[in-house]
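Since the structure comes first, as structure tokens, the remarks are kept for the end.
The values are calculated or read from the model by the stated rules, or taken from the named source; none is laboratory data. This structure is a prediction, so every number in the text was calculated from the model and none was measured. Here Cβ is always computed from backbone atoms with ideal geometry, including for glycine, and neighbour counts include all displayed protein chains.
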Amino acid sequence: MHQTFNERVTLSFADHVAEVALSRPDHLNGLDWAMIDGLLAAQQHLAELAGLRAVILRGDGDSFCAGLDMASIMGEAERLPTLLAPDATGVNPVQRLALGWREAGVPVVAALHGHVYGGGLQIALGADIRILHPGARLGLLEIDWGIIPDMAISVTGEWLRQDVLYELAISGRKVSGDEAYQLGLGTRLSETPLATARETAALIASRSPQAVAAARELFTRGPALDLRDRLALEAHLQRQLLASAEQREAVSARMERRAPRFD
């Protein structure tokens, strides 16, 4: 399956893995209105995709995303108020650009190379796993325009070092992929981030979907709970997995030294 949204975002789906590409390479995948609308449409489609087990998020061409294309955005300045208008859940469209990946309900792996600036970095922070090219350039450049990062970074960056995000937000300093990894902005370094992201997503997709979902719930919900509730959640999730059909298949495949088969 292959779809295009607003001629800016492509989505392909095969072997339980969806690949979403920002596709405006001649502008370093800068975010114009069509790109914003395309990303939101792709997120909605992912949430409705049966059989999905993992998502890859990438950028075509030389960069992941260089952030807002301010000239294009200001060309339709009358639309600006809509970006900050929250829906019934309290999330506005610009925040959903980062948070919306969570609605897919599966792990999201971002492959980051070239420029990963401003809104591009904030979108990447919405992924669960970030594979960084050592030579990528990352930065929160909103301060250059006299504004702050507002794509739900207070949520997506909650478990990152707050002094790091604060310093980047108020300085606009650009860092290499190497330094970004050292600062905790990336999960892994790779000279071939897209290939590594594809390998990671394929490996995830080969595992028990129920176990992956349980692990995702544990590590996203757990840190916000107190000790007693965190341990209770861990035990509850494990009880649901033990002796389930998928867990029995995982054990059988392991004992028989074959690949597991999950419906």
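So how many residues does the stretch 1-35 have that are assigned to a strand (DSSP E or B) and crowded, with 16+ Cβ neighbours inside 10 Å?
12
Results for (1) of a type in the set (A, V, I, L, M); (2) in contact (Cβ under 8 Å) with a residue 40 or more places away in the chain; (3) in a helix (DSSP H, G or I), shown as yes or no for each residue.
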{"site": "ASP37", "(1), (2), (3)": "no, no, yes"}
{"site": "LEU40", "(1), (2), (3)": "yes, yes, yes"}
{"site": "VAL55", "(1), (2), (3)": "yes, yes, no"}
{"site": "GLY61", "(1), (2), (3)": "no, yes, no"}
{"site": "ALA71", "(1), (2), (3)": "yes, no, yes"}
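In summary, GLY51 fulfils each of the numbered conditions (1) crowded, with 17+ Cβ neighbours inside 10 Å; (2) in contact with a strand residue (DSSP E or B) (Cβ under 9 Å, 6 or more places away or on another chain); (3) over 17 Å from LEU112 (Cβ atoms) with the single exception of condition (1).
Listed here are the residues, each with its yes/no results for (1) closer than 21 Å to ARG58 by Cα; (2) loosely packed, with under 13 Cβ neighbours inside 10 Å.
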| residue | (1), (2) |
| --- | --- |
| ARG188 | yes, no |
| GLU191 | yes, yes |
| GLU199 | yes, no |
| ALA205 | yes, no |
| SER208 | no, no |
| ALA214 | no, no |
| GLU217 | no, no |
| ASP226 | no, yes |
| GLU234 | no, no |
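Of the residues ALA47, ALA41, the single one that is on the phi < 0 side of the Ramachandran plot and at pLDDT 95 or above is ALA41.
Taken together, the residues in the stretch 241-263 that are of a type outside the set (A, V, I, L, M) and surrounded by fewer than 14 Cβ atoms within 10 Å (Cβ to Cβ) amount to 8.
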